[in-house]
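The values are calculated or read from the model by the stated rules, or taken from the named source; none is laboratory data. Note that the structure is a prediction, hence the values are computed from the model and not measured. Positions of Cβ are generated from backbone atoms using ideal geometry, with glycine treated the same way; all protein chains shown enter the neighbour counts.
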């Protein structure tokens, strides 16, 4: 006959921390243990969003300056400006998210 044992855990055991000797030997490993790579990726993509937003904004203003009839633009000028502004705003929100990872930006910007 089979015996069944039920084990209840209050939580997961803490991960075993690597020894300091092994971290000091391998600088690449120590970089990964001391750096939040998700925040670094969010920050990088945020800078990319801001760069693309500024590029689209500059191109739309250049198109407006050198076009004879700005009302006949394809696509209309307002679409490109709003697209650029949305890219820039999303980039700044991404930088805020990467900078303060403890803040909950979904509810309110000022809730930390």
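Pairs only if they're at least six apart or on different chains, beta carbon under 8 angstrom, first in segment 37-48 and surrounded by 12 or more Cβ atoms within 10 Å (Cβ to Cβ), second outside any helix (DSSP H, G or I); list them, first residue then second.
39/101
In this structure, is residue 38 part of a helix (DSSP H, G or I) and either at positive phi or modelled with pLDDT of 70 or more (or both)?
yes
Kindly check whether there is at least one residue in segment 89-97 that is at pLDDT below 80 and within 16 Å of residue 38 (Cβ to Cβ).
no
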